[in-house]
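Structure in C-alpha cells, see below.
Read-outs: derived from the displayed coordinates by stated rules, not from any lab. What you see is a predicted model; the values in this text were computed from it and never measured. With ideal geometry, Cβ positions are generated from the backbone for all residues, glycine too; neighbour counts draw on all protein chains shown.
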Amino acid sequence: MSRKMDEDMEILDDTGESLNLDSRLTSIPLDALRRSSRSKIALYLDDQSDIIDEDCGYVTDWNGLAELIGFTALEMRKFGRQKSPTQDLLLDWEMTPALNPTLGNLWKYLIELGRLDVLQDCRSFVSE
C-alpha cells in the first residue's frame, strides 16, 4: 500500500504544523527551483539508504525518488555515478517534460517516500 497524497490531505509535522506545499506552487515547473534548494534536498537524499519504506516499498533516498518519477534502471545507474545523484536526477527530470517535472510532483513523491524530514526542513527554501 502506498502513501498517496490527496489534494485535500493535510500533512502535519510533529508540532502539528502543515507541511503541504502552497497550492499556488504545485504546478510551477521544477526548473524554478533554486540551486540552494536543490543542494539542501540533495543533502538529505544523496546518502545511500537501505531503508525501504513499508508503505510505498521504495528505498527512501534518491533511488526511490528516481523510481517514483519513472526513471529506468540504466538512468539510475548513471545518477549513482555522479557526485550528487539527487541534483543530477532533478536536472534530468526537469529536461523530460513527459515525466511532469513540477514542484507539486516533487512534493508528492517526497510524501510518498515518507521523507517528511525533507519537507519540513526544505519547505521554506522551495516556497521562495
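Starting from the Cα gyration tensor of region 13-128, take the square roots of the eigenvalues, sort them a ≥ b ≥ c, and report rounded, prolate or oblate (rounded when a/c is under 1.5, otherwise prolate if a/b is larger than b/c, else oblate).
Judged from the Cα gyration tensor, region 13-128 comes out oblate (a/c at least 1.5, b/c at or above a/b).
Could you give the size of the charge dipole of region 70-128 about its Cα centre, using +1 on the Cβ of each K and R and -1 on the Cβ of each D and E, expressed in debye and rounded to the nearest 20?
Here region 70-128 has a charge dipole of around 200 debye.
Further, regarding this structure: At 222 nm, what value in deg cm²/dmol follows for the chain if DSSP H runs of at least 4 each add -39500 (n - 2.57) and the sum is divided by all its residues, to the nearest 500? Show your work: numbers first, answer last.
Details: 6 runs with 59 residues, N = 128.
Rounded to the nearest 500, it is -13500 deg cm²/dmol.
Quick one: dipole size for the chain, taken about the Cα centre, charges +1 on Lys/Arg Cβ and -1 on Asp/Glu Cβ, in debye to the nearest 20.
660
How far apart, in nm, are two points set 7 Å out from the Cα along the Cα-to-Cβ line at THR72 and at SER124?
Here the answer is 4.2 nm between the modelled labels.
With unit charges on the beta carbons (Lys and Arg positive, Asp and Glu negative) and the dipole taken about the Cα centre of region 35-127, which residue among PRO85, GLN48, LEU110 sits farthest to the positive side?
Checking the options against the dipole of region 35-127, the answer is PRO85.
Can you give the FRET efficiency to the nearest 0.05 for ARG24 and ASP50, using r as the Cβ-Cβ distance and R₀ = 25 Å?
Details: r = 37 Å, r/R0 = 1.49.
The value I calculate is 0.10.
Working out 0.36 nm times the residue gap between ARG81 and MET95, then minus their Cα-Cα distance, what length gain in nm do you get to one decimal?
Full-extension gain reported as 3.1 nm.
Another question, if that's okay. Can you list which of the trypsin sites (Lys or Arg not before Pro) found in region 64-124 are DSSP loop residues with at most 14 other C-beta atoms within 10 Å? Write out the running numbers ahead of the final one.
Details: sites: ARG77, LYS78, ARG81, LYS83, LYS108, ARG115, ARG123; in loops: ARG81, LYS83, ARG115.
Answer by residue number: ARG81, LYS83.
So, one more: Work through the residues other than GLN120 whose Cβ is under 12 Å from its Cβ and net out their charges, Lys, Arg +1 and Asp, Glu -1.
Every neighbour counted, the sum reads -2.
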